[in-house]
Amino acid sequence: MRSSVRQSMLKPPEDQIGVVIGSQMLLARSERAAVVLHTLIGYPEGITAELGLHLRQAAAGRRLAADLRDESGRRRFRIAFAFGEPTQPLPLSAPLGSGREVGWYEQTASGTDLSYTSRLWISPYPRDGSLLVSCDWGEQDIVTTTTRLVVPGPDEVEQRTVRLWEGLGDS
């Protein structure tokens, strides 16, 4: 139910500049495809992640973006974020992680026949500096893989976040 979701679950703050907390992490790959987290930007309330899905060869007559949006196939790309234990991956379009301890929301996406880039908002920020990412893409021979990301603690992210209008008074 969306009315119970905090605003921070829906999008990153527009009045802050976050902290780069990670880049270029290969999550999974096969002979046919690769899943990469290109950048992670931390905010006190969550993380913006740029996720890249890359194919070695384009599928004949099919667009990668259209395939990813088609949730009818059980072997389509799926992803999940968690803190303590890995959770079952869901389609990218799952609404805020479908009630899990860590929610995610696809903010923007673009792609070609060979690659798809998605900007995700993941919330809340990991309180112990550890975030699990699980993904699978059966259609591309990628079985469920879980990666533990170690990121700066929330106090460091809080201190390094730039608040654009802080100290300037009301406008």
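The table for this structure:
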quantity: Output for region 88-120, where each listed residue is out of contact with any helix residue (DSSP H, G or I) (no Cβ under 7 Å at 6 or more places or on another chain), open to solvent by less than 20 Å² (accessible area, probe 1.4 Å) and in a strand (DSSP E or B); calculated: Ser118, Leu120
quantity: Count - residues of region 18-43 that are modelled with pLDDT of 95 or more, within 30 Å of Glu156 (Cβ to Cβ) and outside any strand (DSSP E or B); calculated: 0
quantity: Hey, Arg69 open to solvent by 60 Å² or more (accessible area, probe 1.4 Å) and modelled with pLDDT of 90 or more or not; calculated: no
quantity: Close pairs (6 angstrom Cβ cut-off, 6 or more residues apart or separate chains): under 22 Å from Gly129 (Cβ atoms) and among the hydrophobic types (A, V, I, L, M, F, W, C) in region 152-171, modelled with pLDDT under 95 and open to solvent by 80 Å² or more (accessible area, probe 1.4 Å) anywhere; calculated: Val162/Ile17
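Yes/no matrix, rows are residues, columns are (1) closer than 17 Å to Leu92 by Cβ; (2) open to solvent by 30 Å² or more (accessible area, probe 1.4 Å):
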position: Pro13; (1), (2): no, yes
position: Val19; (1), (2): no, no
position: Met25; (1), (2): no, yes
position: Ala34; (1), (2): yes, no
position: His38; (1), (2): yes, yes
position: Ile47; (1), (2): yes, no
position: Leu51; (1), (2): yes, no
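The values are calculated or read from the model by the stated rules, or taken from the named source; none is laboratory data. Predicted model, so just to flag it, every value in this text is computed and none were measured. Ideal geometry is used to build each Cβ from the backbone, glycine not excepted, and the neighbour counts take in all protein chains shown. Side chains are part of the model used for accessible areas, which takes the heavy atoms of the whole protein and leaves out ligands, DNA and RNA. Shrake-Rupley method; radii C 1.70, N 1.55, O 1.52, S 1.80 Å.
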